[in-house]
């Protein structure tokens, strides 16, 4: 790693334990470090020390880290900045990239990943994103913050700041078309058309007619090809030519190669299709200059409440629809072969049959009501255990506050091991303020060792 002499790495992070851990990794790599616990201290350190790299937390106590990033880009040009955040949602990832972040990591930080990111940013030309011009941002359509979604969010954010072809891979209904639309909406082509075509289940002649027509409509914008693995061989040749020359036909040249951006999606394994000689290897290489995997819903079930809230608001904008605990528990037990698309259809059914704003278990499609593990069977045992515990605590003289504290301590004691004993992970899963959770863990004698890394 080559760092200009006497130029330190500035870490702007208000969590003391995490800042200490990050600093130790940087020092082990042979660099000097300046740590700052606020935006004000960080900006002063940058002005004083002329650092080689900045590690910047978004959630600072005195200023939003993205605003600090704006200042760094305005005053210090292409100085590499590694952004870290506890809130791994798409909007943060897109905003960080559009404002010029060199890289982006989500807490809890994987220390090996952090060390690798620092090494790559210092050892060669940083992959800087140029700050993008202001655009109507709208509401991000990829909802959630599950760990499985973080690579997808990072990939989508990167795609928004480049103009290369993108290949979106993942099962049907997972959200590939939404990712494609998000990339276009936040890209430099956002003012031009976004045109989509499904390549599946169309006769060759109709497919050729449609793609000829849509290429013209997409001029200057984005052509989104869903199920690109279904293209017949002749159309694969023409698509390759479009990417390389800007024209579908060899006889028709283009004065503007790349005047259309191609974003493709597939639920198939295209590498296997190449091996089976059903898909062109050179086209695969051209499509996956940037490849983004959209995970199935089963890999991001912690996002289910947020997804349901978003979809219910979209389905019934004039109602304040919500889910009962029983209904949400039933949704959690389903394996969702149709992914988010199936979830939306399920909620549309529930909204149609529900007579109130609260969707209950009987409002869900019947197969979901009969899934094994129904909470109805568990309720009597839980009620009996709780009744026995309450009797014992009341005989001991507990008041209402003590009863609630006793229950909360037991719940937190059971939840913490499920999240590797890390309060940051538990706070994210519960949608709880980290400082509040840590305080309660300390009050209940459940706080991890002070030296534990989060």
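In segment 335-374, how many are loosely packed, with under 13 Cβ neighbours inside 10 Å, in contact with a helix residue (DSSP H, G or I) (Cβ under 7 Å, 6 or more places away or on another chain) and within 24 Å of residue 294 (Cβ to Cβ)? Within segment 335-374, residues that are loosely packed, with under 13 Cβ neighbours inside 10 Å, in contact with a helix residue (DSSP H, G or I) (Cβ under 7 Å, 6 or more places away or on another chain) and within 24 Å of residue 294 (Cβ to Cβ) number 1.
Only strands (runs of 3 or more DSSP E) whose full extent lies in segment 1-103 are considered here, and the ones with at least 3 residues that are farther than 25 Å from residue 188 by Cβ and in contact (Cβ under 8 Å) with a residue 24 or more places away in the chain are 9-12, 33-36, 53-57.
The condition of being assigned to a helix (DSSP H, G or I) and either modelled with pLDDT of 85 or more or exposed (fewer than 10 other Cβ atoms within 10 Å of the Cβ) (or both) holds for only one of 382, 412, that being 412. Against the criterion of being closer than 28 Å to residue 219 by Cα, buried (at least 17 other Cβ atoms within 10 Å of the Cβ) and at pLDDT below 90, residue 139 does not qualify. Just so you know, in segment 185-211 the residues that are part of a helix (DSSP H, G or I) and touching a helix residue (DSSP H, G or I) at 6+ places or on another chain (Cβ under 9 Å) include one that is farthest from residue 163 (Cα to Cα), and it is 204. Among the candidates 240, 231, the residue that is modelled with pLDDT of 90 or more, out of contact with any helix residue (DSSP H, G or I) (no Cβ under 6 Å at 6 or more places or on another chain) and in the same structural domain as residue 211 (by TED's automatic domain parsing) is uniquely 231. All told, residue 225 meets the bar of being outside any helix (DSSP H, G or I) and modelled with pLDDT of 90 or more. Within segment 299-315, is there a residue that is outside any helix (DSSP H, G or I), touching a helix residue (DSSP H, G or I) at 6+ places or on another chain (Cβ under 7 Å) and either closer than 25 Å to residue 199 by Cβ or not assigned by TED's automatic domain parsing to the domain that holds residue 180 (or both)? For segment 299-315, residues outside any helix (DSSP H, G or I), touching a helix residue (DSSP H, G or I) at 6+ places or on another chain (Cβ under 7 Å) and either closer than 25 Å to residue 199 by Cβ or not assigned by TED's automatic domain parsing to the domain that holds residue 180 (or both): absent.
Condition (residue is under 25 Å from residue 260 (Cα atoms), assigned to a helix (DSSP H, G or I) and either in contact with a strand residue (DSSP E or B) (Cβ under 9 Å, 6 or more places away or on another chain) or in contact (Cβ under 8 Å) with a residue 12 or more places away in the chain (or both)) applied to segment 162-171: is it met by at least one residue? Within segment 162-171, none of the residues are under 25 Å from residue 260 (Cα atoms), assigned to a helix (DSSP H, G or I) and either in contact with a strand residue (DSSP E or B) (Cβ under 9 Å, 6 or more places away or on another chain) or in contact (Cβ under 8 Å) with a residue 12 or more places away in the chain (or both). Selection within segment 185-206: residues that are closer than 18 Å to residue 227 by Cβ and in contact with a strand residue (DSSP E or B) (Cβ under 8 Å, 6 or more places away or on another chain). The member of this set that is surrounded by the fewest Cβ atoms within 10 Å (Cβ to Cβ) is 200. Screening 163, 123, 78 for residues that are at pLDDT 90 or above, surrounded by fewer than 18 Cβ atoms within 10 Å (Cβ to Cβ) and more than 29 Å from residue 298 (Cβ to Cβ) leaves exactly one candidate, 163. Of everything in segment 425-452 that is surrounded by 13 or more Cβ atoms within 10 Å (Cβ to Cβ) and not in a helix (DSSP H, G or I), the residue that is modelled with the lowest pLDDT is 452.
The values are calculated or read from the model by the stated rules, or taken from the named source; none is laboratory data. Treat the numbers as computed from the prediction; the structure is a model and nothing was measured. When we count neighbours, we look across all protein chains shown, and the Cβ atoms used for this are built from the backbone with ideal geometry, even at glycine.
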